[in-house]
Amino acid sequence: MDADSLFLGPVYDVWSHFHQMNSSQMAALSIESEDLNSAWYGRFARHPYYGKTGLNSGVMLMNLTRMREFGWGNYLGPILKEFKTKMVFGDQDIINIIFYYHPETLLVFPCRFNFRTDHCRYMPNCESAMSDGVIVMHGSRAAFLSYKVPPFTLIYQAFQEYQLTQDLHEHLYLHLKNQFAALAEYLVEDARIGSCGINYETNYLSNILKVSQPLALR
């Protein structure tokens, strides 16, 4: 996982994708974009990439045994040699090239497990997050720090302030719920928030609530 990622739900929900892999699959990733019209790879890439939109490598599950058997390391040098001058995103581009040629070895998981500002900045386009909530929030392009998308920064700051000895429900879930309620009045006036602040209770807080509740209430 990229360092700029936060779990808003149970780690097991991500880990469970290992159990969903078939015997040919060695890794799991989400696609780069849910919107074909705005997908970066489809518009700008000068090298092969997975599917119609490419992959985002910010959250990647790896079955290392199968990757070694596949000979993952043997592909890196030749790919770098051939496409070095055409790559923009380094390791992510290499990963896209490998799975372009070997798509049968990849499991694709829903965007709620790698939720980025691309999924809500202009319009909500991550259906799994809207229905079941975000599990992993990925603050790519400094989304947590730049204040360009306030809901992302708000969540990051809440995690920074939270102490592990504190009650999760009171000091994280309820704190965030109050912060989002205060933010809601600016949804129309502040264009920076865009669609990222809409439906925040389901998108961002629903899985924190599940984790924070006593087992008997889940």
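The values are calculated or read from the model by the stated rules, or taken from the named source; none is laboratory data. Here the structure is a predicted model, which is why all the values come from computation and not from measurement. Counting neighbours? That spans all protein chains shown, and the Cβs are built from the backbone with ideal geometry, glycine included.
Tabulated results
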quantity	calculated
Met130 vs. criteria more than 19 Å from Thr53 (Cα to Cα), in a helix (DSSP H, G or I) and in contact (Cβ under 8 Å) with a residue 60 or more places away in the chain	yes
Boolean, Ser146 is in contact (Cβ under 8 Å) with a residue 60 or more places away in the chain, small (Gly, Ala, Ser) and not assigned by TED's automatic domain parsing to the domain that holds Met21	no
Residue identified as at pLDDT 80 or above, assigned to a loop (DSSP other than H, G, I, E, B) and among the polar types (S, T, N, Q) among Thr202, Thr165	Thr165
Residue count, segment 33-72 (criterion: out of contact with any Lys or Arg (no Cβ under 7 Å at 6 or more places or on another chain), of a type outside the set (Asp, Glu) and in a helix (DSSP H, G or I))	11
Evaluation of Ser30 against (1) touching a residue at least 60 places away in the same chain (Cβ under 8 Å); (2) touching a helix residue (DSSP H, G or I) at 6+ places or on another chain (Cβ under 7 Å); (3) assigned to a loop (DSSP other than H, G, I, E, B) (one fails), failing number	(3)
Extreme residue, surrounded by the most Cβ atoms within 10 Å (Cβ to Cβ), among residues of segment 21-59 that are out of contact with any Asp or Glu (no Cβ under 9 Å at 6 or more places or on another chain) and among the aliphatic types (A, V, I, L, M)	Leu29
Residue under evaluation Tyr101, criteria (1) touching a residue at least 40 places away in the same chain (Cβ under 8 Å); (2) under 20 Å from Ser24 (Cβ atoms); (3) of a type in the set (Phe, Trp, Tyr); (4) surrounded by 15 or more Cβ atoms within 10 Å (Cβ to Cβ), criterion not met	(4)
Tally, over segment 53-104, of residues that are small (Gly, Ala, Ser) and either touching a His at 6+ places or on another chain (Cβ under 9 Å) or not assigned by TED's automatic domain parsing to the domain that holds Trp40 (or both)	1
Pairs where the first residue, in segment 150-161, is assigned by TED's automatic domain parsing to the domain that holds Gly197 and the second is among the basic types (Lys, Arg) and surrounded by fewer than 18 Cβ atoms within 10 Å (Cβ to Cβ), C-beta under 8 Å, 6+ apart	Pro150/Arg192
Any hit, segment 80-98, residues being buried (at least 21 other Cβ atoms within 10 Å of the Cβ), assigned to a helix (DSSP H, G or I), acidic (Asp, Glu) and modelled with pLDDT under 95	no
Within segment 5-20, considering residues that are assigned to a loop (DSSP other than H, G, I, E, B) and touching a residue at least 24 places away in the same chain (Cβ under 8 Å), the one surrounded by the most Cβ atoms within 10 Å (Cβ to Cβ)	Leu8
